[in-house]
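Peer 1: Structure below; questions to follow.
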Amino acid sequence: MKRNASIDDYLKPLASCPLQCYLTNTLQVADVVEWVLEQVGRATIWQTSFSISEEFIEKSGKVDAIHLVLDFKATQKTLRLWPFLTRVIEHTYLADNHSKVILIKSAAGQTVSIITSQNLTRGNRNESAIVTTDEHVFATFHASLTDIMHNHSVPLSELFAQKIAE
């Protein structure tokens, strides 16, 4: 987030606004995830992206587990981040993926979905997102993401072991 900006300039508390959006170069999706976690508490996160950078591979004390789906085309970059990924992210999968979806389910059962244009990288470009607590939206994305992880992806640990064998 830019220095003089506040997330409150763009988003209202989840409890008072269950469907909201933004289009700006001010907010970063990492800031939005932290903002959500401040409101819902401990949570499990599922996220998809074309690629990821080091600064997005960290787990705050409010995250129980992270499940990540990245694109096959970003494999080389992903393999370079392997030491970081294995310390923080429970399951990393590679698939034909260009989606940027973040699903957050709190320990208490509250769900939040963030559908964004931003990869899990930091930039200063205009990015858009929709943030919703709609349970149907969460369930729909979660079912699709579970199908991708179990039926249409390669677990990164298998790919990495194969790369080492080469």
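Peer 1: Using 0.36 nm per residue, how much length does the chain from Asn124 to Thr24 gain when fully extended, once their Cα-Cα distance is taken away?
Peer 2: Extra length from Asn124 to Thr24 when fully extended: 35.1 nm.
Peer 1: Can you figure out the FRET efficiency of Ser16 with Val154, using R₀ = 45 Å and their beta-carbon distance, to the nearest 0.05?
Peer 2: In this case the efficiency is close to 0.60.
Peer 1: What list do you get for Thr48, Thr133 if you sort them by fewest beta carbons within 10 Å?
Peer 2: Going from sparsest to densest Cβ surroundings: Thr133, Thr48.
Peer 1: Quick one: Leu94, Leu70, Leu19, fewest Cβ neighbours within 10 Å first, how do they rank?
Peer 2: Fewest-to-most ranking of Leu94, Leu70, Leu19: Leu19, Leu94, Leu70.
Peer 1: Also, I was wondering about something else. Would you list Phe141, Phe50 from fewest to most Cβ contacts within 10 Å?
Peer 2: Phe50, Phe141
Peer 1: Can you check what the net charge comes to around Ala107, using other residues whose Cβ is under 12 Å from the Cβ of Ala107 (Lys, Arg +1; Asp, Glu -1)?
Peer 2: +2
Peer 1: Hey, with R₀ at 30 Å, roughly what FRET efficiency would Arg42 and Asp96 work out to, going by the Cβ-Cβ distance, to 0.05?
Peer 2: 0.40
Values quoted throughout were computed directly from the atomic coordinates according to the rules given, and no laboratory measurement underlies them. Here the structure is a predicted model, which means the values were calculated and not measured. Here the Cβ is made from the backbone with ideal geometry for all residues, glycine too, and neighbour counts use every protein chain on show.
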